[in-house]
There are 2 protein chains.
Amino acid sequence: MNRTNQLINLLKVKYPLVQAPMLGVTTPEMVAAVSNEGGLGSLPVGLQSPEKTLDLIRKTKALTDKPFAVNLFAHDMPAIDVAAISAIQDKLVVITNRYGLEHPLVDIEKLQHYSYREQVEILISEHVPVVSFTFGVIDAESIQRLHDAGIVLIGTATSVREAKQLESMGIDLITAQGIEAGGHRGTFFFDEPLPQIGAMSLIPQVVDEVSVPVLAAGGIMDGRTIKAAMILGAAGVQVGSAFLRSNESLSIDNYKQVVHESVDTDTVLTRAFSGRWARGIRNTFHNEVEKLNLDFPAYPLLNDLTVPIRTASQKLNNKEFTTLWAGQSAHLAKLKTSAEIVRELIAEAGWSE
Amino acid sequence: MNRTNQLINLLKVKYPLVQAPMLGVTTPEMVAAVSNEGGLGSLPVGLQSPEKTLDLIRKTKALTDKPFAVNLFAHDMPAIDVAAISAIQDKLVVITNRYGLEHPLVDIEKLQHYSYREQVEILISEHVPVVSFTFGVIDAESIQRLHDAGIVLIGTATSVREAKQLESMGIDLITAQGIEAGGHRGTFFFDEPLPQIGAMSLIPQVVDEVSVPVLAAGGIMDGRTIKAAMILGAAGVQVGSAFLRSNESLSIDNYKQVVHESVDTDTVLTRAFSGRWARGIRNTFHNEVEKLNLDFPAYPLLNDLTVPIRTASQKLNNKEFTTLWAGQSAHLAKLKTSAEIVRELIAEAGWSE
């Protein structure tokens, strides 16, 4: 329990349980509910403007006085090849037209991207206690500034090598993301095939190779999976899919329904929505984009193009043209409040005794 | 411990630990060592002639009076398109010539295949106590005959659906093979993408859906992984990679060395050696065959073609043209006797107390 105590002290939480930041699913209400129950909620602000970032943080703070994490996307800013991106948008229009889906076009000339660097000052001035990030490592200057402000940093790794890199940069905690996990892969070394390491292999090997506490992610849904992760050496766990069907989730009803009906083999890794690999339940959009054999542009350019399609799909409660991010055990997610989910996990893990 | 006791009683072993059948790696000596220490050794006889099968069983029996399993390949017999197979062999010759490797050609007209059906009578007459199988489900008649002879049957599943199929056929125990596992995938439903479920997701979901005891496979290397698997609901574990570097392993020295030096991301799934998906450490042959974009023939036809290449490579202690099957945690395998490995696993699992 040494590493767990270390993690609890660092995060100033009651239980070593982190709710995964799920952009498009997680709300300030979800974050606050998890933190209020003694876990650590995580507020995703990747891709958001400084104004929106501030607004989301303040909304969360209004709902909890407990610590929560703010999650950044640490990718580089993409160069925009307008012709190439327009050509991709044209191909997407063919798909949405065929299915009669409304598709407000993106003005590629006016695309605007925000870097996490623009968010760092806000995090500091808002006294956010914990900052987590994925898709890379934030730069040394940002690490320094956040650390100087007393902020605890959590990075995401999908391989031992990535975990070692995070530790060498001075990151305080590492989330080891097993292949079971839903949503985007946190992979940031692209000079080798996408790491696809199962949690049973990843967690113990990461724990062996780094000295900072490790959070296990991927397939953590209930007491048995929490206990298994801890026995593998994790100091704590990060839970995502378990909150997909919660009251505080942004998922449309048909998303919640298909998660409930899914089986272990229904999720696949796809680049169809954002250009980055992510795990979700296969649907029509996914299949159609795969047929295009796209030369995927740098993140988040494809994401920019698919946002209006996903929004239109969600408005119709149509699950076929929106992201259905889900882990390999998402089937086990329950229709409850986030607070109930946290309390149940804590009880099943044996932490409430 | 209910399911574990059920498993121990069924297998008549002291500990719920099965050594994975690894064709080309496992020897009668390995099997006997594991069984003599109270686990269940597994003798792979897939693809072998009835004579060779009998010989291997008798060799094992001469080394142990404890129960062991004999492992069958349950695939169908392939139809042989001589022209198509010859064309593939021609392509392989280009590769081996380029690297100056000896390559005795296979006479495709004379290819001979043995069905597990030819082995069933031997298993019965030799009073083999346990028969495991992979690559499918043995037919209902074979199940009946083996069961009538009092033989316990173990099938392999890579998804919940496969596990349910095995249970519905009357199989006594199911090995749930997580994506972490080395060697061939046991997948036998081919109407959907290859299941790639991590053990953290597969084990609990299989346990929830079948009532027979489940053996966890994939990433099981030491006490922590055994304990994690048991907490996830497994009745016992199957261990493969942990024996790769054992004294009783057939692996050449350079195979043992590269396993030792490997990291989590070094293994990949490939069809290069047999036409069936299997996990191993990437090498030259693997890369070269991938470039050919083969239309893979039915199992074991590509296997037939690569056996002479692998044999030639092994004779030279050359790891580049032979199979380097290994799981995602194979790096943790130790250079010890199989008996020492079993004793260590049992002690670490807390079973020896």
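The values are calculated or read from the model by the stated rules, or taken from the named source; none is laboratory data. What you are looking at is a predicted structure, and each value in this text was computed from that prediction instead of being measured. Because the Cβ atoms are built from the backbone with ideal geometry, glycine has one as well, and the counts that use them run over all protein chains shown. SASA here: full protein model, heavy atoms, side chains in, ligands and nucleic acids out. Shrake-Rupley method; radii C 1.70, N 1.55, O 1.52, S 1.80 Å.
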- Does B:Asp208 fit the bill of being closer than 25 Å to B:Leu153 by Cα, of a type in the set (Asp, Glu) and more than 9 Å from chain A (Cβ to nearest Cβ)? no
- Message: With the structure loaded, tell me whether A:Glu29 is open to solvent by 10 Å² or more (accessible area, probe 1.4 Å), charged (D, E, K, R), closer than 27 Å to A:Glu118 by Cβ and touching a Leu at 6+ places or on another chain (Cβ under 7 Å) or whether it fails that test.
- Response: yes
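Name the residues in region B:157-167 that are open to solvent by 20 Å² or more (accessible area, probe 1.4 Å) and under 14 Å from B:Pro213 (Cα atoms), would you?
Initial filter on region B:157-167 (open to solvent by 20 Å² or more (accessible area, probe 1.4 Å)): B:161, B:164-165, B:167.
Those that are open to solvent by 20 Å² or more (accessible area, probe 1.4 Å) and under 14 Å from B:Pro213 (Cα atoms): B:Lys164, B:Glu167.
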- Consider A:Ala140 against the criteria (1) at pLDDT 95 or above; (2) surrounded by 20 or more Cβ atoms within 10 Å (Cβ to Cβ); (3) under 30 Å from A:Val212 (Cα atoms): it satisfies all of them except one. Which criterion is unmet? (2)
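Which one is surrounded by the fewest Cβ atoms within 10 Å (Cβ to Cβ), of the residues in region B:42-64 that are in contact with a strand residue (DSSP E or B) (Cβ under 7 Å, 6 or more places away or on another chain) and without any contact (Cβ under 8 Å) to a residue 60 or more places away in the chain? If you could, list the steps in order and put the result at the bottom.
Going through region B:42-64, the residues in contact with a strand residue (DSSP E or B) (Cβ under 7 Å, 6 or more places away or on another chain) turn out to be B:42-47, B:56-57, B:60.
Adding the requirement that they be without any contact (Cβ under 8 Å) to a residue 60 or more places away in the chain leaves B:43-44, B:56, B:60.
On the way: B:Leu43: 28, B:Pro44: 24, B:Leu56: 19, B:Thr60: 22.
For region B:42-64, the residue satisfying everything is B:Leu56.
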- B:Asp148 meets each of (1) more than 14 Å from chain A (Cβ to nearest Cβ); (2) open to solvent by less than 10 Å² (accessible area, probe 1.4 Å) with one exception, condition (2)
- Query: Looking at region A:126-134, is at least one residue farther than 20 Å from A:Ser35 by Cβ and open to solvent by 10 Å² or more (accessible area, probe 1.4 Å)?
  - Reply: no
- Do the conditions hold for B:Gly170, that is, is it more than 9 Å from chain A (Cβ to nearest Cβ) and open to solvent by less than 10 Å² (accessible area, probe 1.4 Å)? no
- Task: Go through (1) open to solvent by 60 Å² or more (accessible area, probe 1.4 Å); (2) more than 25 Å from B:Arg245 (Cβ to Cβ); (3) touching a Leu at 6+ places or on another chain (Cβ under 9 Å); (4) polar (S, T, N, Q) one by one and return the number of the condition B:Asn97 breaks.
- Result: (3)
- Note on the structure: A:Leu269 vs (1) touching a residue at least 24 places away in the same chain (Cβ under 8 Å); (2) open to solvent by less than 10 Å² (accessible area, probe 1.4 Å); (3) not basic (Lys, Arg); (4) not in a loop (DSSP other than H, G, I, E, B): all pass except (2)
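Those residues that are farther than 12 Å from A:Ser132 by Cβ and crowded, with 22+ Cβ neighbours inside 10 Å, I need them from region A:32-41; list them, please. Please lay out each step first, then the result.
Applying the first criterion (farther than 12 Å from A:Ser132 by Cβ) to region A:32-41 yields A:32-39.
Within region A:32-41, A:Ala32, A:Ala33, A:Val34, A:Ser35, A:Glu37, A:Gly39 meet the criteria.
Among the residues of region B:173-195, are any basic (Lys, Arg), buried (at least 18 other Cβ atoms within 10 Å of the Cβ) and out of contact with any helix residue (DSSP H, G or I) (no Cβ under 8 Å at 6 or more places or on another chain)? Spell out how you get there, then give the answer.
Residues of region B:173-195 basic (Lys, Arg): B:185.
In the following step, the residues that additionally are buried (at least 18 other Cβ atoms within 10 Å of the Cβ) were identified as B:185.
From the residues that got through so far, the ones that are out of contact with any helix residue (DSSP H, G or I) (no Cβ under 8 Å at 6 or more places or on another chain) too are B:185.
Yes, there is a match, as at least one residue in region B:173-195 is basic (Lys, Arg), buried (at least 18 other Cβ atoms within 10 Å of the Cβ) and out of contact with any helix residue (DSSP H, G or I) (no Cβ under 8 Å at 6 or more places or on another chain).
Here is a yes/no grid of residues against (1) closer than 25 Å to A:Tyr116 by Cα; (2) within 21 Å of the chain's Cα centre (by Cα); (3) away from every other protein chain (no Cβ under 14 Å):
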position: A:Ser262; (1), (2), (3): no, yes, no
position: A:Asp266; (1), (2), (3): no, yes, no
position: A:Thr270; (1), (2), (3): yes, yes, no
position: A:Trp277; (1), (2), (3): yes, yes, no
position: A:Val289; (1), (2), (3): no, no, yes
position: A:Asn293; (1), (2), (3): no, no, yes
position: A:Ala298; (1), (2), (3): yes, yes, yes
position: A:Val307; (1), (2), (3): yes, yes, yes
position: A:Asn318; (1), (2), (3): no, no, yes
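Taking the condition of being in contact with an Asp or Glu (Cβ under 6 Å, 6 or more places away or on another chain) and either within 10 Å of another protein chain (Cβ to nearest Cβ) or open to solvent by less than 10 Å² (accessible area, probe 1.4 Å) (or both), how many residues in region B:211-220 meet it? Step through it out loud before you land on a result.
Step one: filter region B:211-220 for residues in contact with an Asp or Glu (Cβ under 6 Å, 6 or more places away or on another chain), giving B:212, B:218-219.
Going one step further and asking which of them are either within 10 Å of another protein chain (Cβ to nearest Cβ) or open to solvent by less than 10 Å² (accessible area, probe 1.4 Å) (or both), we end up with B:218-219.
The qualifying residues number 2.
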- Taking region A:221-241 and the residues there that are in contact with a Lys or Arg (Cβ under 6 Å, 6 or more places away or on another chain) and either over 19 Å from B:Ser329 (Cβ atoms) or assigned to a loop (DSSP other than H, G, I, E, B) (or both), the one that is farthest from the other protein chains (Cβ to nearest Cβ) would be A:Ala235
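What number of residues within region B:262-279 satisfy the criterion of being hydroxyl-bearing (Ser, Thr, Tyr) and touching a strand residue (DSSP E or B) at 6+ places or on another chain (Cβ under 6 Å)? Walk me through it before giving the result.
Narrowing region B:262-279 to residues hydroxyl-bearing (Ser, Thr, Tyr): B:262, B:265, B:267, B:270, B:274.
In the following step, the residues that additionally are touching a strand residue (DSSP E or B) at 6+ places or on another chain (Cβ under 6 Å) were identified as B:262, B:267.
The number of residues fulfilling the criteria is 2.
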- Task: For region B:192-203, enumerate the residues that are more than 16 Å from B:Glu167 (Cβ to Cβ) and either outside any loop (DSSP other than H, G, I, E, B) or at the interface with chain A (Cβ under 8 Å from one of its Cβ atoms) (or both).
- Result: B:Glu192, B:Pro193, B:Pro195, B:Gln196, B:Ile197, B:Gly198, B:Ala199, B:Met200, B:Ser201
- In region B:242-258, what residues are surrounded by 22 or more Cβ atoms within 10 Å (Cβ to Cβ) and either within 14 Å of chain A (Cβ to nearest Cβ) or out of contact with any helix residue (DSSP H, G or I) (no Cβ under 8 Å at 6 or more places or on another chain) (or both)? B:Ala242
- Options A:Asp90, A:Asp81, A:Asp55; residue that is more than 25 Å from A:Leu173 (Cβ to Cβ) and touching a Pro at 6+ places or on another chain (Cβ under 8 Å): A:Asp81
- Just give me the residues in region B:320-353 being under 19 Å from B:Leu40 (Cα atoms), among the polar types (S, T, N, Q) and either open to solvent by 50 Å² or more (accessible area, probe 1.4 Å) or within 14 Å of chain A (Cβ to nearest Cβ) (or both), in sequence order. B:Ser352
- Only one of A:Ala69, A:Ala84, A:Ala32 is free of Cβ contacts under 8 Å to residues at least 40 places away in the same chain and at negative phi; which? A:Ala32
